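The values are calculated or read from the model by the stated rules, or taken from the named source; none is laboratory data. Keep in mind it's a predicted model, so treat the numbers as computed, not measured. We place every Cβ from the backbone using ideal geometry, glycine too, and count neighbours over all the protein chains shown. SASA here: full protein model, heavy atoms, side chains in, ligands and nucleic acids out. Shrake-Rupley method; radii C 1.70, N 1.55, O 1.52, S 1.80 Å.
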Amino acid sequence: MFSFMACEKDDVSEAANNDIAFITAEGLEKFDCVAQQVDSLPSIEDARSMIVGTWQLKGMITMLPTVEVPNIKIEFKEDGGVFVTNAGENVFTNAYSINDNVSENGYRSIVITTDEFGIETNEYNFLTGTIRICQDELMIDNGIAFDAPGYLLRRT
């Protein structure tokens, strides 16, 4: 007779493991705070301070439903630097800025841009677009209204 016993069980979330290529996706319905920001964005000063830290890609808004997303983490530094890792490997480094944008009809949005995009394949184009941000939730919209993707992230 064979018997197996374990004294400890480590509960390791899939997002904590940098070596895996994909993690299970979450839908927009799980992002309550950013969903409520349609007409009540934070001040630009609050947005600039809230974005500092490390964020994990958790979902994508696309034409097709996504069950998995790449294991991408984005670290925004207070000095304006941004570092992107995919499965634990650094894939993009640059400088970013967060600015207010007011359209001709008075609609206010918060925009994120990098100094120089620099990625010819367009693979990491999620650092450009409008954002909605809360303390622990971030959405970067590349143009959802025009069938471009939106990215949903959580603070790690």
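Here are some notes:
- With a 1.4 Å probe rolled over the protein heavy atoms of all chains, the accessible area of Lys30, Lys58, Lys77 falls in the order Lys30, Lys77, Lys58, largest first.
- Averaging the sequence gap over all C-alpha pairs within less than 8 Å and six or more residues apart, then dividing by the number of residues, gives region 22-155 a relative contact order of 26 percent.
- Scalar couplings 3J(HN,Hα) for region 102-115, obtained by applying the Karplus form with A = 6.51, B = -1.76, C = 1.60 to θ = phi - 60°, are 10, 6, 4, 8, x, 6, 9, 9, 10, 10, 10, 9, 10, 4 Hz; x denotes Gly and Pro.
- Kirkwood-based shape ratio for region 22-155, expressed as Rg/Rh from alpha carbons: 0.93
- Of the residues Asn90, Asn101, Leu127, the one whose Cα sits farthest towards the positive end of the charge dipole of region 22-155 is Asn90 (charges of +1 on Lys and Arg Cβ, -1 on Asp and Glu Cβ, taken about the Cα centre).
- To the nearest 10, the accessible area of Thr128 is 50 Å² with a 1.4 Å probe.
- HN-Hα J in Hz across region 59-69 - Karplus 6.51, -1.76, 1.60, θ = phi - 60°, x for Gly and Pro: x, 9, 9, 9, 5, 10, x, 10, 9, 10, 10
- Accessible surface, 1.4 Å probe, highest first, among residues Arg48, Arg155: Arg48, Arg155
- Solvent exposure ordering (accessible area, 1.4 Å, most first) of Glu68, Glu26: Glu68, Glu26
- Once backbone amide H atoms are built at 1.01 Å from N, Phe22 has Asn71 as its partners under 5 Å, excluding neighbours fewer than 5 places away on the same chain.
- Close amide-amide hydrogen proximity is noted between Phe92 and Val84, each under 5 Å apart and 5 or more residues distant or on a separate chain (H modeled in the peptide plane; Pro and chain starts excluded).
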